[in-house]
Structure formats: C-alpha cells, structure tokens
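In what follows, a structure is listed as structure tokens, so that the remarks can point back to it.
The values are calculated or read from the model by the stated rules, or taken from the named source; none is laboratory data. The shown structure was predicted, so the numbers you read here are calculated from the model rather than taken from an experiment. Please note: Cβ atoms are built from the backbone with ideal geometry, for glycine as well, and neighbour counts cover all protein chains shown. Just the protein is used for accessible areas: all its heavy atoms, side chains included, with ligands, DNA and RNA removed. Shrake-Rupley method; radii C 1.70, N 1.55, O 1.52, S 1.80 Å.
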Amino acid sequence: MNRKYRKTVIAANWKMNKTPTETKAFMTEFKGLMPKGRWCDVAICVPAVCIPAAVRAMRETRVGIGGENCSAHASGAFTGEIAANMLVDAGCKYVIIGHSERRAMGETDAEVNAKVKAALLNELIPIMCVGESLAQREAGITEEWITMQVKAGLAGIPEEKIRKIVIAYEPIWAIGTGKVATPEQAEEVCEHIRTVIRKMFGAKIARATSILYGGSMNEKNAYELLAQPDIDGGLIGGASLVPEKFVQIIEAANQPTN
Ligand code: 13P
C-alpha cells in the first residue's frame, strides 16, 4: 500500500452467493463489526438481485455497493443483461469487469474494454480484473499476458478517466483454490501492471492508480500481501462471505505504513 499517492480499496466479490434475505443478515452483522474511525475504501459487489438490500443496509455508511458485471450497451434487446446506468440508479458505486470467471464464459478483451468505458460514462468505478492461468505462469509468459490484458482493457480511455479505474490482479490459479500467490509473486505482477500504466499514461497516473490483489486472500494472509508497496488492496471472494473474516481484512488494510 502507499496511502500517500493512492487509495487502499478492500472489495468483496460475492460471486453467485447469498440471497437478498441473506444479504440483509450479512449487512446487519457486518455493520456491528465495522472498525470505527478512518479506514480504507470498502466495496461490496453482490449479485444483481441483492443490490437493493445491500444499498438499503449500507445507506448511512461509507461502504460502496457494486455489481459484478455490466453490459457494454446503454439499453436495448439484450435479454438478461444489466446496463451501467441501471446499476447507478440502483445505488451502486462500483462494478467488477472482466473477472476471469466471466472471461471463461467467453468475455473478450474488446468486450472488457467496452464495459469499462460504459461504466466510466456512467460514473461507476470499474474494478477491471486481469490474471494469468497456471499454464501461462509455467510457460513464463505471465508478464506478456498481463501487459496485453491491461493494454487491451484500457485502450482508448482518456487519461483523466484512468484515475477512476481500479485494477485487480487475480491469478486464475489462486482463485478459490486456497493457493494464494506469495507476497513477492503478487507484488511482482502488481508492480508490472503499474509499469504498463506508466508507459501508457505517464508516471503521475500510474502512481495514483489503485491495484488490488485477488485470489484466496483471507484474514490470515492479508496483512503480508497488503504490506507490499504496489498492492493497494484486495478483491476477496470466499473470505468476503463471512462478516468477521471480511472485517479482519479491512483491519489489515488499516495497518500503519511508512
Ligand atoms: P477467492 O478469494 O474465493 O479465491 O476469490 C477471488 C476472486 O475471484 C475475487 O474476485
């Protein structure tokens, strides 16, 4: 983390877990456990049908609610899709874009780019995900792959908008596997992502961009991961479903840094 230059963001990705009723119960418990005083930015990204319950529960707090995907289109004949302005109107502040689980369903880099643009157009903060597979890591092409994903995802976005984007590095082999990247492995790629942004948009914007790590991050390993200079927060799946665990990760992000 480097709080002097950029925000620390702890984001939950609930994926396809919890009903609206369970959302309400989680939020009640979570609110009772939330650390007092100043803390990092917190986002909770939930299934679309849980957004109203989450927004209602968090209304008086600084916690931002997010969607897990949005359409690249503004409106029209796209059955089952949700437009960025619908998320905003429902009370969302964030949206996850290009998660590897969606890319595995066929989402392309061009679609990710179009969705990031749709989110920005509607003043939603996109949390754009990138990450390599185990095969790519073992083949030694992690950096090339990440470079390509970042460049494609951010193509054609004006400089002043880049500041609004959060990037999440999620190695696919670490997601839901319990096999967390070492702090060194995670730092190496997050630092590389910052270098790619620097080359595209300059040092000032690169320094101000929040880059998160995701992949089996939990209340036990968060402290060490967040102590890395280029890891500005986390995108948390499994551990974000349990209020005590998620709160402990937020507390790890509130640790003093030098
Ligand atoms: P886990 O924390 O369950 O590994 O999931 C990570 C993730 O995919 C967050 O987007």
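Structure notes:
- Filtered by the rule that a residue be within 16 Å of the ligand (Cβ to nearest atom) and assigned to a helix (DSSP H, G or I), the stretch 147-173 gives Q149, G153, I172, W173.
- Hits in the stretch 123-146 (condition: away from the ligand (no atom under 16 Å from the Cβ), in a loop (DSSP other than H, G, I, E, B) and over 25 Å from A208 (Cβ atoms)): A139, G140, I141
- Scanning the stretch 174-229 for residues that are of a type in the set (S, T, Y) and either within 16 Å of the ligand (Cβ to nearest atom) or open to solvent by less than 30 Å² (accessible area, probe 1.4 Å) (or both) turns up T177, T182, T209, S210, Y213, S216, Y223.
- Test: residue in the stretch 78-99 that is more than 24 Å from I167 (Cβ to Cβ), acidic (D, E), open to solvent by 40 Å² or more (accessible area, probe 1.4 Å) and away from the ligand (no atom under 16 Å from the Cβ): yes
- Qualifying residue in the stretch 234-248 (condition: surrounded by fewer than 24 Cβ atoms within 10 Å (Cβ to Cβ), without any contact (Cβ under 8 Å) to a residue 24 or more places away in the chain and within 10 Å of the ligand (Cβ to nearest atom)): yes
- Only one entry of M27, M105 meets the criterion of being open to solvent by less than 10 Å² (accessible area, probe 1.4 Å) and farther than 24 Å from K161 by Cα, and that entry is M27.
- Within the stretch 39-89, considering residues that are touching a Gly at 6+ places or on another chain (Cβ under 7 Å) and part of a loop (DSSP other than H, G, I, E, B), the one nearest to R102 (Cα to Cα): I82
This table checks each residue for (1) closer than 16 Å to W14 by Cβ; (2) modelled with pLDDT of 95 or more; (3) among the aromatic types (F, W, Y).
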site	(1), (2), (3)
A206	no, yes, no
S210	no, yes, no
Y213	no, yes, yes
L225	no, yes, no
P229	no, yes, no
G238	yes, yes, no
F246	yes, yes, yes
I249	yes, yes, no
Q255	no, no, no
